[in-house]
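Step one of this worksheet: look at the structure below.
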Amino acid sequence: MHPEKLRKMQAHMNPFVGRDRELAWLRERMRAEAGSAVLVAGEAGVGKSRLVNEALAGEETLLRIAFPGARFAAPGLGLRRLLELGGPEADTLEAELTGPEAIGAWKLASICRATDALLGARAPGIVALDDLQWADELTLAWLSQAADLLESAPIRLVLVVRAPTELPRRVSSAVAPLRRRRRLESLTLDPLDEGGVGALASSLGYPVTGSVAERLLDRSDGLPLAVEEIVRSLLERGRLPSPDTDVSEVGVPGVVAAVVQEELEALP
């Protein structure tokens, strides 16, 4: 396929095939009564951030914070990003964040109050925290008491966590108070099944039969990111779909390999 034709096809594809129900659920939560948090979890490549991006389109988003892919983010990184909201409340929070890395309970409470005051002053709106598994401890400490903020101000939190099975212990501990006070709802994204894989491939301009969809499922493990990369590689090679299409010849997609490498580097 000509590269320009392929680019135009990809620009008009529907990346949410097989996720219509989840997208509708998340959009409903974004437009429901403010003062709540939503946690979106799933393994790498399953489409969490993309789904959140679409759900937030057109919504009043105050700030989106993506934690870097490292073992843990720099101390206070998440709260320091909130300083971008500006105003006297941001100045107060910045002053609270100035000091030694090791802080006591009194100082932590003061930082949390300043953070709540900043967000409350900018309400209503949404704050999204992406790749929360990498968040710094101070941001997680604030999150653990964020129910007070959500009960007093029209703020919504969207939390995106890479978690193949259970939530990381540090994230689970941070959101436990939100659960107890019924301020948190959760959505877990599972890999696509054979039907979802086939529908996604077809939406990419690569209509497949059941047998090819099954092979694509085996090769991609049902991860939309992997399906897209495999189909892109096949189209670039001019391999048209047929019952005999061999998807095993496609190497591990570079973007998926990068995700896997990131997971390995994160191991203790």
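The values are calculated or read from the model by the stated rules, or taken from the named source; none is laboratory data. These figures come from a predicted structure and were not determined experimentally. Positions of Cβ are backbone-derived with ideal geometry, glycine not excepted, and every protein chain shown enters the neighbour counts. SASA here: full protein model, heavy atoms, side chains in, ligands and nucleic acids out. Shrake-Rupley method; radii C 1.70, N 1.55, O 1.52, S 1.80 Å.
Quickly run through region 74-132 and pick out the residues that are small (Gly, Ala, Ser) and either buried (at least 20 other Cβ atoms within 10 Å of the Cβ) or touching a residue at least 24 places away in the same chain (Cβ under 8 Å) (or both).
Correct list: ALA74, GLY76, GLY78, GLY87, ALA90, ALA114, ALA117, GLY120, ALA121, ALA123, GLY125, ALA128.
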- Within region 25-42, the residues that are open to solvent by less than 60 Å² (accessible area, probe 1.4 Å) and free of Cβ contacts under 8 Å to residues at least 60 places away in the same chain are ALA32
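Which ones in region 192-211 are surrounded by 21 or more Cβ atoms within 10 Å (Cβ to Cβ) and touching a Gly at 6+ places or on another chain (Cβ under 8 Å)?
Hits for region 192-211 are LEU192, VAL197, GLY198, LEU200, VAL208.
This table checks each residue for (1) in contact with a helix residue (DSSP H, G or I) (Cβ under 9 Å, 6 or more places away or on another chain); (2) at pLDDT 85 or above.
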| residue | (1), (2) |
| --- | --- |
| GLN10 | yes, no |
| MET30 | yes, no |
| ALA37 | yes, yes |
| GLU43 | no, yes |
| LYS48 | no, yes |
| ASN53 | no, yes |
- Message: What's the total number of residues in region 191-223 that are touching a residue at least 40 places away in the same chain (Cβ under 8 Å), among the aliphatic types (A, V, I, L, M) and assigned to a loop (DSSP other than H, G, I, E, B)?
- Response: 3
- Before we move on, is ALA57 among the aliphatic types (A, V, I, L, M) and out of contact with any Leu (no Cβ under 7 Å at 6 or more places or on another chain)? yes
- Out of all the residues in region 44-66, which are open to solvent by 60 Å² or more (accessible area, probe 1.4 Å) and either of a type in the set (Asp, Glu) or touching a residue at least 24 places away in the same chain (Cβ under 8 Å) (or both)? ARG50, GLU54, GLU60, ARG64, ALA66
- Query: Scanning region 175-190 for residues that are in contact (Cβ under 8 Å) with a residue 40 or more places away in the chain and assigned to a helix (DSSP H, G or I), which turns out nearest to SER49 (Cα to Cα)?
  - Reply: VAL175
- Note on the structure: Residues of region 16-28 being touching a Leu at 6+ places or on another chain (Cβ under 8 Å) and modelled with pLDDT under 85, in sequence order, are PHE16, VAL17, GLY18, ARG19
